[in-house]
1. Counting only trypsin sites (Lys or Arg not before Pro) that are in a DSSP loop and have at most 13 other C-beta atoms within 10 Å, tell me the longest site-free stretch of the chain.
2. Just subtract the alpha-carbon distance of ASP75 and TRP164 from 0.36 nm times their residue separation and send over the number in nm, one decimal.
3. Cα centroids of the stretch 109-184 and the stretch 41-108: how far apart, whole angstrom?
4. Taking 7 Å along the Cα-to-C-beta vector as the label spot, tell me the ASP64-ASP41 distance in nanometres, rounded to one decimal.
5. Only loop residues by DSSP count here, and only those with at most 13 other Cβ atoms within 10 Å; note down the GluC sites (Glu not before Pro) in the stretch 99-183 that meet that.
6. Cut-off 17 Å, label point 7 angstrom out along Cα-to-Cβ of LEU22: give me the residues of the stretch 113-141 whose amide nitrogen falls inside.
7. Out of these labelled values of Cα Rg over 2.2 N^0.38 Å, [x] 1.19; [y] 1.10; [z] 1.01, which was calculated from the coordinates shown here?
8. Label LYS146 and ASP53 with points 7 Å out from Cα along Cα→Cβ: what is the distance between them in nm?
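The values are calculated or read from the model by the stated rules, or taken from the named source; none is laboratory data. Small disclaimer: the values here were computed from a predicted structure and weren't measured. Every residue, glycine among them, receives a Cβ derived from its backbone with ideal geometry; neighbour counts consider all protein chains shown. With ligands, DNA and RNA removed, areas are computed over all heavy atoms of the protein, side chains included. Shrake-Rupley method; radii C 1.70, N 1.55, O 1.52, S 1.80 Å.
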Amino acid sequence: MAEEFVAERTLPLEGVYGGSGLARLTVAAPASRLSLRAGEDALQALGAALEIDLPVAPLTASGDNGRYAFWLGPDEWLVIDENGGDLIQRLRGVEVLHSAVDVSHRNIAVMVDGPGAAEVLNAACPMDLRLEKFPVGKVARTVLGKAEIVLFRQAETAFRLECWRSFAPYVFGLLDQGVRDAAY
């Protein structure tokens, strides 16, 4: 009788940490993520099913307590639930035109927080992250080095960076180097 092989999924940044007193880098816990596309007429029904207001203003986010919706375009959102909710299941039975794709295993999040968080990110991100230009609650799709990211300012000195898991080691390495460079 042959033994059955069962592969275990490992996180690309499992056991990795970085940072200094200037900025701490931590890997966020796994979360449910949904790439959502819909027209304006569908937003109320979708928001009600997901129990979150889908932001309609460019570069904004909504939510708290581990559930967020990030505006990525006129008809596109990234919805995140850190509490283990099944976002696709919440949309079953919603009868409005929309597209919803579970991207939970595609993305990973790195948290960057501390007094030098913006400076660390700017080591490889071209956006102006000064507080007056990128205030708390703002979200943008941008790049960090050569990787596409979604960047959300959660607090004055705290950012959530979403990237594809295949780019996670590269992104974390850039951030860690940014911590070292910003310290000098």
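1. Numbers: sites that count: ARG9, ARG92, ARG130, LYS133, LYS146.
That gives 10-91 as the longest site-free run.
2. Numbers: separation 89, 0.36 × 89 = 32.04 nm, distance 2.08 nm.
Between ASP75 and TRP164, full extension yields an extra 30.0 nm.
3. Here the two parts' Cα centres lie 23 Å apart.
4. Each label point lies 7 Å from its Cα, and together they span 3.5 nm.
5. Values: sites: GLU119, GLU132, GLU148, GLU156, GLU162; in loops: GLU132, GLU156.
Those that pass, being in a loop and sparsely packed, are GLU132, GLU156.
6. It comes to 113-126, 129-130, nothing else.
7. The value matching this structure is [y].
8. Between LYS146 and ASP53, the label points sit 4.1 nm apart.
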